[in-house]
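Notes follow the structure.
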Amino acid sequence: DAMDGYQEKYGVEKHYADYEEMFAAEKPDLISVCTWIPLHPVISIAAAKAGVRGIICEKPMATSMSVANEMVDICDEMGAKLAIGHQLRFDGPYIGARQLLADGAIGDLVRIHGICQGGDLMDNGTHTVDLMRWFADDSPHEWVMGQINRGKGGERFGIALMEDYIGYWKHENGVRAVLEGGKHSARGYHHIHLYGADGEIELGAPDGPALRYRASSTGGHWATTSYENESSPVRDMIDAIEEDRDHRSSGRNGRGALEILLGIMESARRRAMVELPLTGDDYPLQSMIDAGDI
């Protein structure tokens, strides 16, 4: 009944209750995977094997590094472009901040502080982590430390949740990053500070502008700058296929964000720094719950 209503409202010609049935009957060029999290890799891999050319999969892409690696590898093998739904890379203020960094407005980037008040690490915090990685030029990570608070827990979209989290990691290019989020974090949603050798950029300041910066060029005073959205995730997918390049929010970048998310949990489980790259077949939070450790 729900699909019939959607079909009538939006003029969709066909609908299916099973993705394998759809791939057998249709030959789509692009798909968007909007299921609960455990099905993200299952359907994405099936799509690549069915010949789909572009896959936009919701975040997070998986709950283990081994499965994330499989997604990337199979999509590469089948010639499919994989993108993960970190759409904020296409949002004006963040594009504007990237341009300020490229222009040297605050000098070399040294440190990033991200805040994501409310929401789970895998659901909301993944956007903050992905943006922080983007500002660090998606440089690989050397290590990560973290702690979590399960709190009241619960589940959402098919996986276990936590109430609070904090992470600290270092990129190979020298940039260090600190993340705090959840129920008890400081105020702000994707509230990000970018600290450079000659100034600071602030994004998403509570009760403030979406983007502002201060540096020697502004006399140390806050200033704003113009920005605009230059594209969209779907348009970039089409361009990535036609130009044979990675999507801005590629599977590789999504895997990098997932490494930080799972690395924070793994550090909490080990009570130690975790050297990267991260490996593993499990979802660390669920493993801690199953073992009675949290």
### Message
Just the residues that are of a type in the set (Ser, Thr, Tyr) and buried (at least 23 other Cβ atoms within 10 Å of the Cβ), please, taken from segment 237-252.
### Response
Ser249
#### Entry: Checking Gly280 against (1) part of a helix (DSSP H, G or I); (2) touching a helix residue (DSSP H, G or I) at 6+ places or on another chain (Cβ under 8 Å); (3) small (Gly, Ala, Ser), the condition it does not meet
(1)
### Query
Of all residues in segment 277-294 being of a type in the set (A, V, I, L, M) and crowded, with 18+ Cβ neighbours inside 10 Å, which is nearest to Ile166 (Cα to Cα)?
Leu285
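Conditions (1) over 30 Å from Gly219 (Cβ atoms); (2) open to solvent by 20 Å² or more (accessible area, probe 1.4 Å), marked per residue:
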| position | (1), (2) |
| --- | --- |
| Ser66 | yes, yes |
| Glu70 | yes, yes |
| Ile74 | yes, yes |
| Ala80 | yes, no |
| Ile84 | yes, no |
| Asp91 | no, yes |
| Ala97 | no, no |
### Query
So how many residues does segment 139-174 have that are in contact with a Phe, Trp or Tyr (Cβ under 8 Å, 6 or more places away or on another chain) and either open to solvent by less than 70 Å² (accessible area, probe 1.4 Å) or of a type outside the set (S, T, N, Q) (or both)?
14
### Task
Please work out which one of (1) over 29 Å from Pro284 (Cα atoms); (2) open to solvent by 20 Å² or more (accessible area, probe 1.4 Å); (3) part of a helix (DSSP H, G or I) is the condition His221 fails and give its number.
(3)
### Query
Any chance segment 182-199 includes a residue that's at pLDDT 95 or above, under 30 Å from Gly54 (Cβ atoms) and buried (at least 18 other Cβ atoms within 10 Å of the Cβ)?
yes
### Query
How many residues are assigned to a loop (DSSP other than H, G, I, E, B), of a type in the set (Val, Ile, Thr), farther than 20 Å from Ile241 by Cβ and within 29 Å of the chain's Cα centre (by Cα) when one looks only at segment 1-52?
1
### Query
Could we say that Arg255 is over 19 Å from Glu180 (Cα atoms), assigned to a helix (DSSP H, G or I) and open to solvent by 30 Å² or more (accessible area, probe 1.4 Å) here?
yes
### Query
Cβ-Cβ below 9 Å, separation at least six or inter-chain, first residue in segment 53-71 and assigned to a loop (DSSP other than H, G, I, E, B), second among the acidic types (Asp, Glu): which pairs?
Arg53/Asp29; Lys59/Asp123; Lys59/Asp130; Pro60/Asp123; Ala62/Glu70; Thr63/Asp282; Ser64/Asp281; Ser64/Asp282
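The values are calculated or read from the model by the stated rules, or taken from the named source; none is laboratory data. Please read these numbers as outputs of a predicted model, since none were measured by experiment. Neighbour counts run over all protein chains shown; Cβ positions are idealised from the backbone, glycine included. For accessibility, only protein heavy atoms count, side chains too; no ligands or nucleic acids. Shrake-Rupley method; radii C 1.70, N 1.55, O 1.52, S 1.80 Å.
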